[in-house]
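Down below is the structure, laid out as structure tokens.
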Amino acid sequence: MTMTKERIKNVLDLVPFLILILSAIVLVWNVATTDLVFMRKHIVGICFLPIIYLAFWWRHKVGVLVLGLILLLGLLSLLSYSYSVTTTTLSIGKNEDSQIPVFYGQPIFLLWLLIHFIVSGRHYIGIVTKKYWLDLFAKSVKETTA
């Protein structure tokens, strides 16, 4: 059985999701085997995993978009899948009073977003256009009524 190029691309779209699942498993293992406890952002992150799965199950392209949104939320430190990854703030300026923040977030999510855009970037072409969103939801309506 040979896989078509489109099918291979769709499987590659799942790589960042699988990375999140593995990170969540490691997090749960660490909490279960040590005296660590879940923080709010860990619970939020774990709760989003089934939402990502359901979005992929419902419509692949919607799943890709939801995954990208979740990775963005993680980049902004609103959720997390690890105790070892902390929020980093990078700023420029000479003294503390005049520093300008350049980056605030979890750097690992920057890497995961980069991987996501490399394997799934084709789904974001034209995302700011009205036609993109009309086509996305028109296909969703057609699939649910058929």
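The values are calculated or read from the model by the stated rules, or taken from the named source; none is laboratory data. For clarity, every value in this text was computed on a predicted model and none was experimentally measured. Don't worry about glycine lacking a Cβ; one is built from the backbone with ideal geometry, like all the others, and counts go over all protein chains shown. For accessibility, only protein heavy atoms count, side chains too; no ligands or nucleic acids. Shrake-Rupley method; radii C 1.70, N 1.55, O 1.52, S 1.80 Å.
Starting from segment 45-60, keep only residues that are over 13 Å from LEU73 (Cβ atoms), then list their pairs with residues that are buried (at least 16 other Cβ atoms within 10 Å of the Cβ) and among the acidic types (Asp, Glu) whose Cβ atoms are within a distance under 9 Å, requiring at least 6 positions of separation or different chains.
Between residues of segment 45-60 that are over 13 Å from LEU73 (Cβ atoms) and residues that are buried (at least 16 other Cβ atoms within 10 Å of the Cβ) and among the acidic types (Asp, Glu), the close pairs are PHE56/ASP13; HIS60/ASP13.
Listed residues SER82, SER91; which is among the small types (Gly, Ala, Ser), within 20 Å of the chain's Cα centre (by Cα) and not in a helix (DSSP H, G or I)?
Of the residues listed, the single one that is among the small types (Gly, Ala, Ser), within 20 Å of the chain's Cα centre (by Cα) and not in a helix (DSSP H, G or I) is SER82.
If you take the residues of segment 117-146 that are among the hydroxyl-bearing types (Ser, Thr, Tyr) and modelled with pLDDT of 90 or more, which of them is least open to solvent (accessible area, probe 1.4 Å)?
By that ranking, first place goes to SER120.
Of everything in segment 11-30 that's over 16 Å from the mean Cα position of the chain (by Cα) and in contact (Cβ under 8 Å) with a residue 12 or more places away in the chain, which residue is least open to solvent (accessible area, probe 1.4 Å)?
Filtering segment 11-30 for residues that are over 16 Å from the mean Cα position of the chain (by Cα) and in contact (Cβ under 8 Å) with a residue 12 or more places away in the chain, the one least open to solvent (accessible area, probe 1.4 Å) comes out as LEU27.
Do you know which residues across segment 87-107 are under 28 Å from HIS42 (Cβ atoms), open to solvent by 50 Å² or more (accessible area, probe 1.4 Å) and among the hydrophobic types (A, V, I, L, M, F, W, C)?
Residues satisfying the conditions are LEU90, VAL102.
Residues ILE70, ILE115: which one is among the hydrophobic types (A, V, I, L, M, F, W, C) and closer than 20 Å to PHE38 by Cβ?
None of the other options fit; the residue is ILE70.
Looking only at residues that are part of a helix (DSSP H, G or I), more than 18 Å from SER77 (Cβ to Cβ) and of a type outside the set (Gly, Ala, Ser) in segment 31-44, which one is least open to solvent (accessible area, probe 1.4 Å)?
Here the answer is VAL31.
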